[in-house]
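*Asks:* Just passing along the structure, written as structure tokens.
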Number of protein chains: 2
Amino acid sequence: MVAPVAVHRLLERVQSMLHRGETRAVTEILRRLHPADSSDILYRIEPDAQHAILQELPWEEVADVLEELDEEEMVEVVQGLTVVELADVLDEMEPDMAADLIGELDDQTAADLLDEMETAAGVAPLLDYPEDSAGGIMNSPRHMLRRDMSAGQAMQFLREHYDDAHDLFYLYVLEGGVPSIAEAAPEAVTEQGKLVGVVSLRSLILADPAVKLEAIMELDLLTATADTDQEEVARILARYNLLAVPIVDDEDRLLGIVTVDDVVDIIEEEATEDIYRLAQVHEEAVIFSPLPRAIRARMPWLVVNLGTALVSSTVVAQFAGTIAAVAILAALMPVVAAQGGNAGNQSMTIIVRSLALGQIDLKDFWAVFRHELGVGILHGLALGALVAAVVYVWLGNLILSAVIGTAMVGNFLVAAVVGVLVPMTLRRFGVDPAYGSSMMVTASTDILGFAIFLGLASYFVAWLV
Amino acid sequence: MVAPVAVHRLLERVQSMLHRGETRAVTEILRRLHPADSSDILYRIEPDAQHAILQELPWEEVADVLEELDEEEMVEVVQGLTVVELADVLDEMEPDMAADLIGELDDQTAADLLDEMETAAGVAPLLDYPEDSAGGIMNSPRHMLRRDMSAGQAMQFLREHYDDAHDLFYLYVLEGGVPSIAEAAPEAVTEQGKLVGVVSLRSLILADPAVKLEAIMELDLLTATADTDQEEVARILARYNLLAVPIVDDEDRLLGIVTVDDVVDIIEEEATEDIYRLAQVHEEAVIFSPLPRAIRARMPWLVVNLGTALVSSTVVAQFAGTIAAVAILAALMPVVAAQGGNAGNQSMTIIVRSLALGQIDLKDFWAVFRHELGVGILHGLALGALVAAVVYVWLGNLILSAVIGTAMVGNFLVAAVVGVLVPMTLRRFGVDPAYGSSMMVTASTDILGFAIFLGLASYFVAWLV
């Protein structure tokens, strides 16, 4: 969660107020903001001031603010709270967010917190699921009703049993089992009936109050299981324009729901992660990261790339004799390498994004490979001819121009092969294909680009001097 | 809109059925699928088969399927329809989607269509807004009520006047003016009252039926104007966890609503666009694009990069004498250039994404610049020292190792400067900062990296041979 510009400016005012000791006034400003905004400010001020402000706020409001931060940020902000205080805050939070926070703590603190919490029964089961699975982002389903209730009865039931409605998107209709209310914890749910349908709030409102839920419920359910990847759940919700996806076990019993507001955040985060990984920046990087964090996010990749660049140096060094004789080769060799690098990264990026969007999977390997090879051959021929022409006009040596043209075609083929092979292989081994692909593609097209060009040039060196 | 894997496979079956002439059977398969899936298949089959299937489907179903495609895809699919047929289809579509389709047609066809359409009054005003503005993606607001209605009356009113509820997310409460129903076109709306609040369906359901809307409405409205960029609207919705954002004119009269399902698509599309642009691929590229389209999406950038690579060649060529004397310089110079390129692209990518997410704007230029310069100096010193050490161990020449270390620091400074300057300057001139940034950053760090390294090496050449 990061501030839009207006908040970023308000932060400066808040900081100078805090320097003058006006903690209470700052607290009042924060309370008047949307939690999405106040959380940004709270996260960016000094720990002492954070602590003082948390003490001034009711726990529900602390919970609202924390829910807007990511896990690491939450943990930083709550550092000063005692276990008892933090348990009170966690009781006010949505179970999935509480579980995310607890998941960041050491085992002892987590156990102590769960002992203190009143809502532990709803939160503890979520800790068993990986953070980026449907189980890790779902909330307990609360709005479960029997199929033989009428629309009017359902509304009456909702009015009597629910006060806080922020997670009310659909009603879930169960067969067998007993309709439960807010306290239902996931364990309790597994003793209940099967999910047979969902009723949207709009159909509930528009229905004749006398009509039964089973007559207006949607039967064609799109569900996911708790171990589904969060990106996959996001994709289902986005593709079918849903507001929430029910998460069920293998007997169709309702375990939880994943809601559209969480999915919007997931889609944005996953895109940022891919963009940063493709640019060889660790996904934790944010603009204005403190220097040590900024460097931790970027330097490791620079060091790895320095390694691959030095390996390609040793390849060039093998041809020192040829270069000493025909120095212009040094000027031309980066052209061959760079074109291969650009083409390889184009192929790789399209594949990485298509994998992320679920447009292709590993079974499409050969189709993708043939397609990219076709593109690579055409690009190689076109750009090889172009560079050969430019070099001939520039330097007037036909053999040199043939050498660079041929090397270019060769490096475009290398680019197509590694551009497909690298991301597909990473996916095959369960690694995010955005991760390290740029480095590997560029290293390959540099090393082989230099080798092909200088190798050919050495063979024909007699015609080049 | 692109197929998930299962649909991609179903397509093969459909195509062989079509080869056997089983159009009717295919139509039945498509009707049983969700429009998000059937649209994918329809788009990918032969135009003749498309046309035959469209003729078999009721116009409402054609409309549902078209709504899942993007503008260009819609136009391809409806090519065979007459103006009268297409007008019937458009009447069944959501106004924003109908406007997108009409916006792709020539002026004469568009005018003919609007003459034929029954819903022209709701669609025509949307044609005035750019496609990527809030005005271009909004739908006519339909659920407008007076503040003195009770919750029970409001539900009764909705039941009586609305049958199709797919765009019912919130009720909009107006002051003055008359509550209107489905037929309200944007022009009509401007004669109505000011928007004073919104009521979510959940608060409507949970409210006592006797309570007035003004008592349960949300007053703290987050609105946007019709000329707001669609990304900005998406950001407001995502940040504040809304299901729809009301679009108002400068007197707070309601013009339309932008809904969460559209925003989810926008966030995904904008991320794909940025990822592709950063990798120098035109955003229209998709996996398995036909070869001519794939090449149109990629070759222009390769040609531009070939141009910049040849410019950097001419820089290297200036130092041919030095390289002929000390050929190992040719092996080392790409290291300096590549490290600058990587560092510059890291800075640039973080800035491009932060601009896209609204975390920074042009006013933050100096703060960003200082930050990136700090990171660049530290990276330059660390990696310059590292490469100097490696080169000394490898080649045993202290002067050469000092030259490459110094050049590295210099090129990291170049990287920091251009990594900030390029995206910020593009934004300043209203160009998407993802567009062309990679090319410009890499060209700068190549050209200046070669120049600094070879320039220093030429100065100290006596100590290098």
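*Asks:* Over the whole of A:381-391, what's the average partner chain Cβ count within 10 Å per residue? Rounded to a whole number, please. The partial results should precede the final answer.
*Replies:* Values: counts 0, 4, 5, 0, 0, 5, 4, 0, 0, 4, 2.
The mean count of partner-chain Cβ atoms within 10 Å per residue comes to 2.
*Asks:* Sort shortest first the distances from A:Pro47 to its counterpart in every other copy, using label points 7 Å along the Cα-to-beta-carbon line, and give them in nm.
*Replies:* Distances between equivalent label points, in nm: 6.8.
*Asks:* Please express the Cα-Cα pair-distance distribution P(r) of the stretch B:5-128 as a list of whole percents, one per 5 Å bin, running from 0 to the bin with the greatest distance.
*Replies:* Values per bin, smallest distances first: 2, 12, 23, 23, 17, 11, 7, 4, 1, 0.
*Asks:* Follow-up question, since we're still on this one. Residues of the stretch A:219-266 with accessible area at least 30 Å² lower in the all-protein-chain context than alone (1.4 Å probe)?
*Replies:* Residues losing area: A:Ala238, A:Arg239, A:Tyr240, A:Asn241, A:Leu243, A:Val260, A:Asp261, A:Val264.
*Asks:* Per residue of the stretch A:429-436, what does 6.51 cos²θ - 1.76 cosθ + 1.60 with θ = phi - 60° give for ³J(HN,Hα)? Whole Hz please, x for Gly and Pro, Karplus curve as stated.
*Replies:* Those phi angles translate into 9, x, 9, 4, x, 6, 8, x Hz.
*Asks:* Which parts of the stretch B:197-212, residue by residue, lose 30 Å² or more of accessible area when the rest of the protein chains are there, as against the chain isolated (1.4 Å probe)?
*Replies:* Those residues are B:Leu201, B:Arg202, B:Ile205, B:Leu206.
*Asks:* Relative to the first principal axis of the alpha-carbon coordinates of chain A, what is the inclination of helix A:107-116, with its axis defined by its Cα atoms, in degrees from 0 to 90 and to the nearest 10?
*Replies:* 20
*Asks:* Can you give the Kirkwood hydrodynamic radius for the stretch A:287-414, in Å, rounded to one decimal and based on Cα pairs?
*Replies:* Working: mean 1/r = 0.0573 Å⁻¹.
About 17.4 Å for the stretch A:287-414.
*Asks:* At 7 angstrom along the Cα-to-beta-carbon line, where would the label on A:Phe460 sit relative to the other copies? Give the distances in nm, shortest first.
*Replies:* 3.7
*Asks:* Which order do the peptides A:98-111, A:396-409, A:325-338 come out in when sorted by mean C-beta neighbours inside 10 angstrom, highest first? Mind showing how you got there, number by number?
*Replies:* Details: A:98-111: 17.6, A:396-409: 20.4, A:325-338: 25.5.
In descending order of packing, they fall as A:325-338, A:396-409, A:98-111.
*Asks:* How far, in nm to one decimal, is A:Thr425 from itself in the other copies if the label point is set 7 angstrom along Cα toward Cβ? Shortest first, please.
*Replies:* Here A:Thr425 shows inter-copy label distances of 3.9 nm.
*Asks:* Over its Cα atoms, what ratio of radius of gyration to 2.2 N^0.38 Å does the stretch A:65-122 give?
*Replies:* Values: Rg = 10.0 Å, N = 58, 2.2 N^0.38 = 10.3 Å.
The stretch A:65-122 yields a ratio of 0.97.
*Asks:* Within 10 Å of each Cβ in A:358-365, how many Cβ atoms from other chains are there, averaged over the peptide?
*Replies:* The shielding value for this peptide is 4.
*Asks:* Just from its helices, what would the mean residue ellipticity at 222 nm be for chain A, if runs of 4 or more DSSP H residues each count -39500 (n - 2.57) and the sum is divided by every residue, rounded to the nearest 500 deg cm²/dmol? Show your work: numbers first, answer last.
*Replies:* On the way: 24 runs with 304 residues, N = 465.
Taking each H run of at least 4 residues, the total per residue is -20500 deg cm²/dmol.
*Asks:* As I understand it, the value is the acute angle between the Cα axis of helix A:23-32 and the longest principal axis of the Cα atoms of chain A; what does it come to in degrees, rounded to 10?
*Replies:* 90
*Asks:* Just to check, using Stokes-Einstein with a Kirkwood Rh over alpha carbon pairs, what's the diffusion coefficient of the stretch B:257-345 at 10 °C and 1.306 mPa s in µm²/s?
*Replies:* Details: Rh = 16.6 Å.
Once the numbers are plugged in, D ends up at 96 µm²/s.
*Asks:* While we're here: What part of the accessible area of the stretch A:6-144, given as a whole %, is carbon or sulfur when the probe is 1.4 angstrom? Mind dumping the intermediate values first?
*Replies:* Values: 2840 of 6200 Å².
Carbon and sulfur atoms account for 46 percent of the accessible area of the stretch A:6-144.
*Asks:* In addition: Expressed in whole Å with the largest first, what are the equivalent ellipsoid semi-axes of chain A derived from the C-alpha gyration tensor as the square root of 5 times each eigenvalue?
*Replies:* Details: eigenvalues 620, 183, 62 Å².
Semi-axis lengths for chain A are 56, 30, 18 Å.
*Asks:* Sticking with this one: So how strong a dipole does the protein assembly as shown carry about its Cα centre when Lys and Arg Cβ are +1 and Asp and Glu Cβ are -1, to the nearest 20 debye? Intermediate results must be reported in sequence, preceding the final value.
*Replies:* On the way: 52 positive and 142 negative charges, 1184 e Å.
Here the size comes out at about 5680 debye.
*Asks:* Where only protein heavy atoms count, and the probe is 1.4 Å, what is the accessible area per residue for the stretch B:5-128 in Å²? Provide the component values of the computation, followed by the final result.
*Replies:* On the way: 5810 Å² over 124 residues.
On a per-residue basis, the stretch B:5-128 sits at 47 Å².
*Asks:* If you don't mind, another one. Leaving out same-chain residues fewer than 8 places away, which aspartates and glutamates sit with a Cα under 16 Å from that of B:Lys194?
*Replies:* Here the aspartates and glutamates satisfying the reach criterion relative to B:Lys194 are B:Asp148, B:Glu175, B:Glu214, B:Glu218, B:Asp220, B:Asp249, B:Asp250, B:Glu251, B:Asp252.
*Asks:* Does anyone have the angle between helix A:365-395 and the longest principal axis of chain A? Alpha-carbon axes, 0 to 90°, nearest 10?
*Replies:* Long axis of A:365-395 versus the principal axis of chain A: about 40 degrees.
*Asks:* Hey, another quick one. Keeping all protein chains in place, calculate the accessible area per residue for the stretch A:366-443 (probe 1.4 angstrom), answer in Å². Intermediate results must be reported in sequence, preceding the final value.
*Replies:* Values: 3110 Å² over 78 residues.
I get 40 Å² per residue for this part.
*Asks:* Can you give the accessible area of B:Arg31 in Å² (nearest 10), computed on protein heavy atoms with a 1.4 Å probe?
*Replies:* B:Arg31 has an accessible surface of roughly 100 Å² with all protein chains in place.
*Asks:* On to the next question. Among B:Phe288, B:Ala224, B:Gly307, which residue has its Cα furthest toward the positive end of the charge dipole of the stretch B:222-325, with +1 on Lys/Arg Cβ and -1 on Asp/Glu Cβ?
*Replies:* Farthest towards the positive pole: B:Gly307.
*Asks:* Buried accessible area for the B:A pair, summed, 1.4 Å probe, in Å² rounded to 100? Could you put the intermediate results ahead of the total?
*Replies:* Working: alone 23390 and 23370 Å², together 36600 Å².
Buried area between the two chains comes out at roughly 10200 Å².
*Asks:* While we're here: Where does the protein assembly as shown land on Rg/Rh, using Cα atoms and the Kirkwood Rh?
*Replies:* Numbers: Rg = 30.6 Å, Rh = 30.5 Å.
Using only Cα positions, Rg/Rh for the protein assembly as shown is 1.00.
*Asks:* Still on this model: May I have the pair-distance distribution P(r) for the stretch A:344-389, computed from all Cα-Cα distances with 10 Å bins from 0 and rounded to whole percent?
*Replies:* Whole-percent P(r) values from 0 Å outward: 25, 45, 20, 9, 0.
The values are calculated or read from the model by the stated rules, or taken from the named source; none is laboratory data. Only a predicted model underlies this, so the values are computations on that prediction, with no experimental measurement involved. Here Cβ is always computed from backbone atoms with ideal geometry, including for glycine, and neighbour counts include all displayed protein chains. Note: accessible area is taken over every heavy atom of the protein model, side chains too, but ligands, DNA and RNA are not part of it. Shrake-Rupley method; radii C 1.70, N 1.55, O 1.52, S 1.80 Å.
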